Amino acid sequence: MNTAKKLLFKLIEEVPESQISEIIDFIAFLKNKKDNEVFKDLTLASESSLEFWNNDDDDEVWNNV
């Protein structure tokens, strides 16, 4: 286990039980923030690939399928 995680666990052990829910909320917030960034990156990547299909030649071919 790396030093940062050891320090985090040590700090968590020192926090009063009444504040543990705040730590859980904060970790969930950070995870959600990271997940949203990944989703945003995937959305941007998919939008850029849509431009490839946005042309009259392909539209004409697919209209007849």
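List of remarks:
- Remark: for residue pairs K6/K40; K10/K31; K5/K34, the C-alpha separation exceeds 26 Å in K6/K40.
- Once the 1.4 Å probe is applied to the protein heavy atoms, region 1-53 comes out at 95 Å² accessible per residue.
- Whole-Å semi-axes of the ellipsoid equivalent to region 1-54 (Cα gyration tensor, √5λ, descending): 39, 13, 4
- For the residues F52, F29, F39, a GNM of the chain with alpha-carbon springs under 10 Å puts the largest fluctuation on F52.
- Element breakdown for region 14-64 at a 1.4 angstrom probe: carbon and sulfur atoms account for 59% of the accessible area.
- Around the Cα centre of the chain, unit charges on the Cβ atoms of Lys, Arg, Asp and Glu (plus for the first two, minus for the last two) sum to a dipole of about 880 debye.
- Each of A28, N2, S48 was scored by the projection of its Cα onto the charge dipole of the chain, and the greatest displacement toward the positive side belongs to N2; charges sit on the C-beta of Lys, Arg, Asp and Glu.
The values are calculated or read from the model by the stated rules, or taken from the named source; none is laboratory data. Remember, it's a predicted structure, so these values are computed and weren't measured experimentally. Glycine also receives a Cβ, built like all others from the backbone with ideal geometry; neighbour counts cover every protein chain displayed. Surface accessibility is based on the protein's heavy atoms, side chains included, excluding ligands, DNA and RNA. Shrake-Rupley method; radii C 1.70, N 1.55, O 1.52, S 1.80 Å.
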